[in-house]
Amino acid sequence: MTLSELGTYTAQQFEQVYGRPARWIAAAPGRVNVIGEHTDYNDGFVLPMAIERYTVIAAAPSDGHSGSVQLHSTAQNSAPPIDLSQTLKPAAKGTWWNYPLGVIAGFIRQGARPGGFDALIHSTVPLGGGLSSSAALEVSTATLLEMMTGKELGPVDKALLCQKAEHEFAGMPCGIMDQFISVLGRKDHLLLLDCRSRKPELVPMRDGSVALLIVNTNVKHELTGGEYAQRRAQCEQAAEALAVPSLRDATAQVLEQGRARMDETVFRRACHVIGEIERTVHAAEGVRASNWTTVGQLMYASHASLRDDYEVSCAELDAIVEIAARIGTQGGVFGCRMTGGGFGGCAVALVRTDAVDAISATIASEYEAATRIKPTLFVSRPAAGATIVRSGEAGGPPYFRRR
Ligand code: ADP
Ligand code: MG
């Protein structure tokens, strides 16, 4: 579905549930990280892309101007009415409306108090699939609230407000990438984001002969050993041994010189992070130059490093990357890697647009043969970030504006 069709569908759903037309409609995309994994908490770079999958939220002032908020999602059970005259507090952990609730609380904290409203949420971003449906939900809600309250946040403030909602209401201590790309994504561009300075830089990717193919392994291995916390601690240990504030400040040479001051595992973790930060910057240059062979090689190198040095891959992700490599540039695959935290979730491949169907068919059949699991695949070009689909009078024609 295009964003326009999705807006129309969501407006219809709103009318069906609430019996009157929506006045405002906002949308925000999910994302895939093209390269730069486990670099964010090391003050490094990430290179995400907004995908052509969106969360759309349609709303209208509540009947009788009740001062409460009614949230309905086509994917979940309805939330109980939220009373805006009370201080907003998070619901139980794992409750889906914590995300929009946290965003509403963020606006109120800034002195932008909305009136009561009814909202309907519909999304084509898979929930919990590693493509950041959570940020899409937060950013679409924030874009809606900008229209409703008249308070326009700058893009960075808006992304940070959404991140805070995820920290404080959803209890998820996420980085800044997901919210930044969902706000700032632009059609035909990737976003090179410096996680230290928070400086975003759009990287043009106008060459329509290539696209990103996202392959969901449809597995999520349960972790029991606190693997993420352990990786973070190991990165801190390495930085301390090298006497640098974070691994962003180290180079491969500095690491080699400090090798004796850390154990072998910590050394390999640092190898990944330092190499990955460098690869991410190079990949952005490669994208700028439409040098797809180089970008693809960097993606394969990223995967090998995540598998061997950072040890966050799994058999299913490795299988997809191996199948992609076998197809090779001859068959239209430039590169492939796991994306997201690891231990399952999605892989991302840089592919030739005209070969997408054949590549998808091969990956799907060979992955299923190897693992007995059906993968989910879809292709995307770099999409637009947060968008206003309808603003103003109920039932008015949809129109699109970047926000
Ligand atoms: P991801 O962001 O990778 O999709 P998360 O676990 O961070 O995974 O966020 C998924 C959660 O966000 C869902 O379990 C749900 O609580 C909430 N969510 C996201 N999109 C929607 C939606 N359209 N309707 C209701 N809840 C949603
Ligand atoms: Mg998320």
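Considering each of S313, S302, S290 in turn, give the residue that is assigned to a loop (DSSP other than H, G, I, E, B) and closer than 15 Å to T339 by Cα.
Details: S302 fails: assigned to a loop (DSSP other than H, G, I, E, B); S290 fails: closer than 15 Å to T339 by Cα.
Testing whether each residue is assigned to a loop (DSSP other than H, G, I, E, B) and closer than 15 Å to T339 by Cα leaves just S313.
The residues of region 22-65 that are out of contact with any strand residue (DSSP E or B) (no Cβ under 9 Å at 6 or more places or on another chain) and touching a residue at least 24 places away in the same chain (Cβ under 8 Å), listed by number, are H38, Y41, N42, H65.
In the condition set (1) within 9 Å of ligand 1 (Cβ to nearest atom); (2) over 30 Å from V203 (Cα atoms), L101 is compliant with all but (1).
Among residues of region 131-142 that are within 7 Å of ligand 1 (Cβ to nearest atom), those with a Cβ under 6 angstrom from a residue that is in a helix (DSSP H, G or I), sequence gap 6+ or separate chain, pair up as S132/D178; S134/Y99; A135/D178; A135/Q179; A135/S182; A136/S182; L137/Y99. Assess whether K164 counts as being under 30 Å from K89 (Cβ atoms), not assigned by TED's automatic domain parsing to the domain that holds E52 and not hydrophobic (A, V, I, L, M, F, W, C). Answer is no for this residue. Can you spot a residue in region 239-246 that is touching a helix residue (DSSP H, G or I) at 6+ places or on another chain (Cβ under 7 Å), open to solvent by 10 Å² or more (accessible area, probe 1.4 Å) and under 16 Å from L192 (Cα atoms)? Among the residues of region 239-246, not one is touching a helix residue (DSSP H, G or I) at 6+ places or on another chain (Cβ under 7 Å), open to solvent by 10 Å² or more (accessible area, probe 1.4 Å) and under 16 Å from L192 (Cα atoms), which makes the answer no. Among the candidates A252, A283, A289, the residue that is surrounded by 15 or more Cβ atoms within 10 Å (Cβ to Cβ) and either closer than 30 Å to H189 by Cβ or touching a residue at least 24 places away in the same chain (Cβ under 8 Å) (or both) is uniquely A283.
Every residue, every condition in (1) outside any strand (DSSP E or B); (2) of a type in the set (V, I, T); (3) within 16 Å of ligand 2 (Cβ to nearest atom); (4) closer than 18 Å to P29 by Cα, yes or no:
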| site | (1), (2), (3), (4) |
| --- | --- |
| F180 | yes, no, yes, yes |
| K187 | yes, no, no, yes |
| R196 | yes, no, no, no |
| D207 | yes, no, no, no |
| L212 | no, no, no, yes |
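This table checks each residue for (1) within 16 Å of ligand 1 (Cβ to nearest atom); (2) aromatic (F, W, Y); (3) free of Cβ contacts under 8 Å to residues at least 12 places away in the same chain; (4) open to solvent by 10 Å² or more (accessible area, probe 1.4 Å).
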| position | (1), (2), (3), (4) |
| --- | --- |
| G150 | no, no, no, yes |
| D157 | no, no, yes, yes |
| Q163 | yes, no, no, yes |
| P173 | yes, no, yes, yes |
| S197 | no, no, yes, yes |
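Per the conditions (1) open to solvent by 20 Å² or more (accessible area, probe 1.4 Å); (2) modelled with pLDDT of 95 or more, the sole criterion not satisfied by G341 is (2). Scanning region 115-138 for residues that are of a type outside the set (D, E), crowded, with 22+ Cβ neighbours inside 10 Å and more than 16 Å from ligand 2 (Cβ to nearest atom) turns up F117, A119, L120, H122.
The values are calculated or read from the model by the stated rules, or taken from the named source; none is laboratory data. All figures in this text were calculated on a predicted structure; none of them were measured in a lab. So basically every Cβ, Gly included, is an ideal-geometry build from the backbone, and we count neighbours across all protein chains shown. Just so you know, the surface numbers come from the protein's heavy atoms only, side chains and all, with ligands and any DNA or RNA stripped out. Shrake-Rupley method; radii C 1.70, N 1.55, O 1.52, S 1.80 Å.
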